[in-house]
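Novice: Dropping the structure in here first, questions after.
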Amino acid sequence: MQKEMQEQLCARTAFYRREHRSVSRARQFARTALTDWDLDHLADDVLLCVSELATNALLHGVPPGRGYRLCLSLDEGGLLRVEVHDSGAGEPRLPVPPAYGGDEGESGRGLLLVSALADAWGVDERVPGKIVWCAFRCYGKP
């Protein structure tokens, strides 16, 4: 019986409309999942990444009248994956730092934070749109 529980994949999904309060709702949704899965030790980094990915979806990936989907999954190997699905065009890219000729504006740093905090991140295709994801190893907590 214990072995069956360890192999089971945990997953949660929520859909949010294109509105600014959805970002705080997405964070709360993620916080609840982390607590239920005994992953509170990852909360600070994961919640910041959820905020950044959800905000990017709102600003760049969700056309008017649409929304985005937040998916969290935990596999049997202890890998937590956070995905934000949107229907917008374009592919997110890391901005060029000011020291290398990039813009010094206050926006555009979300993916830099995600790349610094997560163990991995990327973009997958979706029709329409894309999936921007990040992953965290749950060290010592499979």
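The values are calculated or read from the model by the stated rules, or taken from the named source; none is laboratory data. Fair warning: this is a prediction, and the values are worked out from it, not measured in the lab. Here the Cβ is made from the backbone with ideal geometry for all residues, glycine too, and neighbour counts use every protein chain on show. Remember, those area values only see protein heavy atoms, side chains included, never the ligands or the DNA or RNA. Shrake-Rupley method; radii C 1.70, N 1.55, O 1.52, S 1.80 Å.
Novice: For the peptides 12-21, 61-70, what is the packing order when you average, over each peptide's residues, the other Cβ atoms within 10 Å and list the highest mean first? Mind dumping the intermediate values first?
Specialist: On the way: 12-21: 13.4, 61-70: 17.0.
Highest mean packing first, the order is 61-70, 12-21.
Novice: Keeping all protein chains in the complex and leaving out DNA, RNA and ligands, what accessible area do you get for residue 24 with a 1.4 Å probe, in Å² to the nearest 10?
Specialist: Roughly 60 Å² of residue 24 is accessible to a 1.4 Å probe.
Novice: Okay, moving on. Under the Kirkwood approximation for Rh and a Cα-based Rg, what ratio Rg/Rh is obtained for the range 7-73?
Specialist: 1.00
Novice: By the scheme Lys and Arg +1, Asp and Glu -1, what is the net charge of all other residues having a beta-carbon under 15 Å from that of residue 23?
Specialist: Residues close to residue 23 contribute a combined charge of +4.
Novice: Still on this model: Counting only C-alpha contacts under 8 Å and six or more residues apart, can you give the relative contact order of the range 1-87 as a whole percent?
Specialist: In percent, rounded to a whole number, it is 38.
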